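Notes for the one structure printed next.
Computed from the coordinates by the stated procedures, all read-outs in this text should not be read as laboratory data. None of these values were measured; they are calculated from a predicted model. Cβ atoms come from the backbone with ideal geometry, glycine included; neighbour counts cover every protein chain shown.
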Amino acid sequence: MRQMLTVLLLLGAVAVFSPAPSQAQLQVYGAWHCGNDFCTWATVRDMMDFDTKNHWLIDRGDGSRLPSVNLVILSFVQPTKLLNKTNDSGDTNGVPNAMNAAVVSYFTTHNIRVMLSIGGITYTTAWDQALSTNPTQLGLNAAALARSLGVGIEIDYENSSSPNLTGLQSFVSAYRSQIPYDATGANPAARLTIDLGAGDQYLTDISRYATANWLNDSSPVLDYANAMVPNKQPSSATSAESN
C-alpha cells in the first residue's frame, strides 16, 4: 500500500500519520494541557474553576456546542515517579494528583480523546533514569495507568544526543504486551504515540528508529508521531510554514 502522510496543526506541532490499510485517515486537532501549576498537575482541581478556565475547549462558542479540539494531552507524567509508583505531595502511585477521572471525563463526555504525555524536555533525565533502571516495568505501569483512566499515552522522550533506544524499545514492547495496537481506534488506551522532531536537526536517532520499527503501514506499533517544530520560528510566515 502507498504510504499516506497527513500533516496537521497541533498547537505548535504537526502530526504524521501512517494508517493501517483498513483504517480511515485520522484527523487530529489537539492541545497540550499544562494545568494551572506549570506542568506538574500536582494540585487537584476544583472542577467549577476548571470549567471556567477550559470551557473553550469543550465549546467553541459559535452556538454549535461542538468542541474546539478532538484531543487533549495532559502534560506531563514524570517517568521515574511512574516507574516507582511514587507517593508524595504531588503524585499518587506515580501519577500527578490532578490527572484524575474527573478531568478525563470532563473532556471525554464531550467526545474529546484524552492522552497523558510522559516526559517533556524537563524530564529528559528522568526518562534516562527510568529506561536504564527497568523500562519493561515502566511500560507495564504506563499500560495499567492508561487502562485505569481510559486514556492514551504519548512518549515525549527528548534526549537528542544519546537516547536509550534499547530501553525505549523495551518500554514500547511491554506496553503493547498489555494493550495491543488497535487499528480501529476504538480502545482509548491502545492509542500510543511519540513526539519526534521535524526535519533532521532534533531527535534524529529516535526519529530514525521509530520510523523503521514502529511507524509503518504493514505492521504498525505506534499510532502516529507528533513532529515538533522549533519554538522560535523564522520571522516570515512563508519560511515558518516551510520549516
Inset, instruction - Quote the charge dipole size of the range 7-242 about the Cα centre in Debye, to the nearest 20; the model charges only the Cβ of Lys and Arg (+1) and of Asp and Glu (-1). - result: 320 debye
Inset, instruction - Could you check which residue among M47, M115, M99 shows the biggest mean-square fluctuation in a GNM of the chain with a 10 Å Cα cutoff? - result: M47
Inset, instruction - Mind jotting down the distance between the C-alpha centroids of the range 152-211 and the range 64-96, whole Å? - result: 17 Å
Inset, instruction - Using label points projected 7 Å from each Cα along Cα→Cβ, tell me how many nm separate S162 and N187, to one decimal. - result: 3.7 nm
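Return the FRET efficiency for the residue pair S148, D46: r is the Cβ-Cβ distance, R0 is 30 Å, and the value is rounded to the nearest 0.05.
Numbers: r = 23 Å, r/R0 = 0.75.
Once rounded, the FRET efficiency stands at 0.85.
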Legend entry - Zone of H55's modelled label, taken as backbone nitrogen in the range 112-132 under 19 Å from a point 7 Å along Cα→Cβ: 112
Inset, instruction - For a footprinting-style exposure proxy, rank V28, V103 by other Cβ within 10 Å, fewest first. - result: V28, V103
Inset, instruction - Would you kindly state how much longer the chain becomes between S105 and S173 on full extension, computed as 0.36 nm times their sequence separation minus their alpha carbon distance, in nm to one decimal? - result: 21.7 nm
Legend entry - Convex hull of Cα atoms in the chain, direction-averaged projection (nm²): 13.7 nm²
Inset, instruction - Only Cα pairs under 8 Å and at least 6 apart count here; give the relative contact order of the chain as a rounded whole percent. - result: 20 percent
Inset, instruction - Note down the nm distance, to one decimal, between modelled labels 7 Å out along Cα→Cβ at R65 and at S218. - result: 4.9 nm
Inset, instruction - Give the order of Y29, Y175, Y123, Y209 when sorted by the count of other beta carbons within 10 angstrom, beginning with the fewest. - result: Y29, Y209, Y123, Y175
Inset, instruction - Have a look at the DSSP beta bridges in the chain and tell me what percent are antiparallel, nearest 5. - result: 30 percent
